[in-house]
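Here's the structure, in structure tokens; my notes come after.
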Amino acid sequence: MTPDQSVQYLQALEVPRMITLTGFQQSVERFIHSVLARLDAKGLAGSNLAHLWALVQEDLADPEAVRRRKLEAELGFDPEECPEQALNAALQWESQVGDAALSELVPAIAASGATPDLALIGQLASVGGIVGIPELSPDSIDHLDHWAPWERAIHDARALRNKIGNVSGPVPDRSLHDLLGMSSEAAANWSAPVGRSPVAVAIPMNDHRLKFVPRRHSPAGKRFELARFLGEYLRPSTHELRWLVSTDLSTFRQKYQRAFAAEFLCPIDLLTSFLDCDFSSYAIEEAAAEFDVSEQTITSLLLNNGYIHHHGTGSMPYRMAA
């Protein structure tokens, strides 16, 4: 900020605040209409803003145009600048993958520099994967209907631990596999495709089965990813037969998944009790072995809960990684 600046910045909220997409859009529309009305009052009609806003209004009146513009943006392109090949591929996958899942898949694939025809989605659909039938459903636990994604995730992870009767100990691999309804042998024998995929998915099959296609290669990474899938499966949703998508994006769903997996596999209260105020690298290494997660997960949990501080990065939103 600078003195006498025309824009006032609001900062340092005491608690996270949720803004609905509809509310945000309506506020933007009111603001733009106010600006255009002021320009008209000052004899400055016909501005570039007025021209662009007219084009936006024209698109908003056409559901098919709205659909295409949304996909273009998710693919990383301005309106009408997306290669037709990429846009057609996204439109074709939309009905099979689901709108919500595609909105997680497409930006992650596009950001990775993968081929614009989204061939990776087809590869994920055709690979063998790990088949499972989760033994629980989203209504097996109570959920919060407000608060930030990580707050909801922590609540759900603790509710699930209470549900399965394990509130004070590490979660064995077999317990995690049983919750996902998959064979521990199949999970152990699964090898992620060669290379670094930007996404992992769980694809609905017949008879309530899911085909899990993890992308992590390390045992701890794969375990964390399966816990993310468990959280995503249990997360309330209006989308039936939806693909479950895990990426490195910072969307609501991905933040929820990471926070759920961390709290479920390594509850912060158990972690701090185990560390007993010793936050040295050796203690973090021991904790990672105890809870069978990565050292990065331990460090992120301690950072996000204020037990240690990352100097030099400034104030950042909640982060959690495998």
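Summary table below
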| item | result |
| --- | --- |
| Single unsatisfied condition, A50 versus (1) under 22 Å from L249 (Cβ atoms); (2) in contact (Cβ under 8 Å) with a residue 12 or more places away in the chain; (3) part of a helix (DSSP H, G or I); (4) among the small types (G, A, S) | (1) |
| Residue check, T238 under 27 Å from I141 (Cα atoms), modelled with pLDDT of 95 or more, open to solvent by 10 Å² or more (accessible area, probe 1.4 Å) and not aromatic (F, W, Y) | no |
| Any hit, region 201-224, residues being open to solvent by 30 Å² or more (accessible area, probe 1.4 Å), within 15 Å of the chain's Cα centre (by Cα) and under 30 Å from E74 (Cβ atoms) | no |
| Sole residue being surrounded by 15 or more Cβ atoms within 10 Å (Cβ to Cβ) and either under 19 Å from the mean Cα position of the chain (by Cα) or among the acidic types (D, E) (or both), chosen from P149, P138 | P149 |
| Of the criteria (1) open to solvent by 30 Å² or more (accessible area, probe 1.4 Å); (2) among the aliphatic types (A, V, I, L, M); (3) part of a helix (DSSP H, G or I); (4) at pLDDT 90 or above, which one L44 fails | (3) |
| Residue ID - most open to solvent (accessible area, probe 1.4 Å), chosen from residues in region 274-293 that are closer than 15 Å to G221 by Cα and assigned to a loop (DSSP other than H, G, I, E, B) | D292 |
| Residue match in region 121-131 (condition: closer than 30 Å to R161 by Cα and touching a Lys or Arg at 6+ places or on another chain (Cβ under 6 Å)) | yes |
| Members of region 104-126 found to be among the small types (G, A, S), in a helix (DSSP H, G or I) and either free of Cβ contacts under 8 Å to residues at least 60 places away in the same chain or in contact with a helix residue (DSSP H, G or I) (Cβ under 6 Å, 6 or more places away or on another chain) (or both), listed by number | A110, A119, G122, S126 |
| Residues of region 251-281 that turn out to be within 30 Å of Y233 (Cα to Cα) and free of Cβ contacts under 8 Å to residues at least 12 places away in the same chain, as a count | 2 |
| Members of region 80-95 that are open to solvent by 70 Å² or more (accessible area, probe 1.4 Å) and either small (G, A, S) or free of Cβ contacts under 8 Å to residues at least 24 places away in the same chain (or both) | E80, E81, E84, Q92, S95 |
| Candidates R196, R228, filtered to the one that is surrounded by 19 or more Cβ atoms within 10 Å (Cβ to Cβ) and not in a strand (DSSP E or B) | R228 |
| Meets criteria (part of a loop (DSSP other than H, G, I, E, B) and open to solvent by less than 10 Å² (accessible area, probe 1.4 Å)) for V171 | yes |
| Which numbered condition A200 fails, given (1) in contact with a strand residue (DSSP E or B) (Cβ under 8 Å, 6 or more places away or on another chain); (2) free of Cβ contacts under 8 Å to residues at least 12 places away in the same chain | (2) |
| Residues (aliphatic (A, V, I, L, M) and in a helix (DSSP H, G or I)) located in region 55-79 | L55, V56, L60, A65, V66, L71, A73 |
| Search result, residues across region 167-219 that are on the phi > 0 side of the Ramachandran plot, touching a Pro at 6+ places or on another chain (Cβ under 9 Å) and at pLDDT below 95 | H208 |
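The values are calculated or read from the model by the stated rules, or taken from the named source; none is laboratory data. Please read all numbers here as calculations on a predicted model, not as lab measurements. Cβ coordinates were reconstructed from backbone atoms using ideal geometry, including for glycine residues, and neighbour counts include every protein chain displayed. Quick note on the areas: whole protein, heavy atoms, side chains included, nothing else; ligands and nucleic acids left out. Shrake-Rupley method; radii C 1.70, N 1.55, O 1.52, S 1.80 Å.
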